[in-house]
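These notes concern the structure reproduced below.
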C-alpha cells in the first residue's frame, strides 16, 4: 500500500504548480458543485461566525474556501518534493528580526489551521535557531501517517505526537526549543479546555498552548499567515505580551480561573495568565479570519456540542 501511494503521489508532486492549480480547479468544481463535500458544515460555520453576512456573501466565501481547500490538497502533495528555494519563494518569511531577538529562549509557537499549516511546518525549522518541534495528532492510517510525517520533517522540524510533548520538554530542559502548536483544535476534554468568545460565539479552546507556556515559562509567540496569491503566502511572528488590563479582566472570571487552576494544578495567578493568553491568541486568529475568511478551515466542526 505504501509503495502504491508513493507511486501515485510523487509523480504529481514533481509537476509545476500551474499544472497542479489546473487540477485543483477541476477538483473544486467536483467537490463543491457535484459532491457538496461537507457543504452543510461549512455553511453553518460561516453563518455562525458571520451572522450579518447576506446569503450571497456566504456563498462567495464558501466558493473561495473550497478552491483554497483544493489548493491545499495539491500544495500538500507538492510538500513531498518541493525544494527549499521554491518553498522560500512561495512561503516568504517577513519577520527575521523576531527569531533573532528570541534565539536564546524556549518558545511556545502558537498558530492555527489558517493559510497553509503544512508549508508552515516545513518552513519553521529553516527560520528558528532553536530546535523546532511540531505537535501533531497521528492519523488512523499508519501508512498515511508515516508518509506525512516524512514529508513534514524534510527541512528539519521534529514532529512529535501529542502524548510525547511533556517527555520532549523534559529532555530539553537546559536547551532552548520551539514547540509549535495549533490553537484551533477542538478540545478532547471540555473540563480542561478554556472557554472564550471567538467569532462572537462561546468557544472551547484546547488548553495545551497556554498551559505549556505557564508551566514551562516559555515565551509565547503568534505565527500569522497571509495568502497573497495562489500557492503564495507571507508569514511572520508576533511576540505576545499581555497587558495588565488583560490579566485583570481574566482574573475577574473567578469561576473559570478556579476551574483552570484546579484541573491543571496552577496557581490562581497562573490560571488567569493562561486564560488571558488564550483570549489573546484567539483574538489574533479572529482578526485574520475577518480580513480573509476563505483561508480558514471551515470544514472541521469547530463548534461541536459539548
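The values are calculated or read from the model by the stated rules, or taken from the named source; none is laboratory data. Keep in mind the model is a prediction, meaning the values are calculated, not measured. Positions of Cβ are generated from backbone atoms using ideal geometry, with glycine treated the same way; all protein chains shown enter the neighbour counts.
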Scan the range 14-25 and give yes if some residue there is part of a helix (DSSP H, G or I), closer than 30 Å to residue 283 by Cα and either out of contact with any strand residue (DSSP E or B) (no Cβ under 7 Å at 6 or more places or on another chain) or at pLDDT below 95 (or both), otherwise no. no
Considering every residue within the range 171-185, establish whether at least one is farther than 25 Å from residue 236 by Cβ, in the same structural domain as residue 107 (by TED's automatic domain parsing) and outside any loop (DSSP other than H, G, I, E, B). yes
Quick check: is even one residue across the range 255-263 free of Cβ contacts under 8 Å to residues at least 24 places away in the same chain, more than 30 Å from residue 115 (Cα to Cα) and outside any helix (DSSP H, G or I)? no
State whether one or more residues within the range 59-82 are more than 22 Å from the chain's Cα centre (by Cα) and farther than 29 Å from residue 165 by Cα. yes
Since residue 30 meets every condition but one in (1) crowded, with 21+ Cβ neighbours inside 10 Å; (2) at negative phi, which condition does it not meet? (1)
Enumeration of residues in the range 118-134 that are farther than 20 Å from residue 103 by Cα and either buried (at least 21 other Cβ atoms within 10 Å of the Cβ) or not assigned by TED's automatic domain parsing to the domain that holds residue 234 (or both): 119
Conditions first: (1) surrounded by 14 or more Cβ atoms within 10 Å (Cβ to Cβ); (2) without any contact (Cβ under 8 Å) to a residue 12 or more places away in the chain. Residue 207 passes all but one, so which condition is the exception? (2)
Could you run through the range 186-196 and say how many residues are in contact with a helix residue (DSSP H, G or I) (Cβ under 7 Å, 6 or more places away or on another chain) and not in a strand (DSSP E or B)? 2
Answer with yes or no whether residue 53 is at pLDDT 95 or above, farther than 27 Å from residue 145 by Cα and assigned by TED's automatic domain parsing to the domain that holds residue 239. no
Filtering the range 26-53 down to residues that are touching a residue at least 40 places away in the same chain (Cβ under 8 Å) and in a helix (DSSP H, G or I), which residue is farthest from residue 79 (Cα to Cα)? 48
Hey, any hits in the range 280-288 for a residue that's part of a helix (DSSP H, G or I), over 19 Å from residue 45 (Cα atoms), in contact with a helix residue (DSSP H, G or I) (Cβ under 9 Å, 6 or more places away or on another chain) and modelled with pLDDT of 95 or more? yes
Some residue of the range 73-85 being surrounded by fewer than 20 Cβ atoms within 10 Å (Cβ to Cβ) and either in contact with a strand residue (DSSP E or B) (Cβ under 8 Å, 6 or more places away or on another chain) or closer than 13 Å to residue 293 by Cβ (or both): no
Pick from the range 155-192 the residues that are without any contact (Cβ under 8 Å) to a residue 40 or more places away in the chain and surrounded by fewer than 12 Cβ atoms within 10 Å (Cβ to Cβ): which of them is farthest from residue 208 (Cα to Cα)? 174
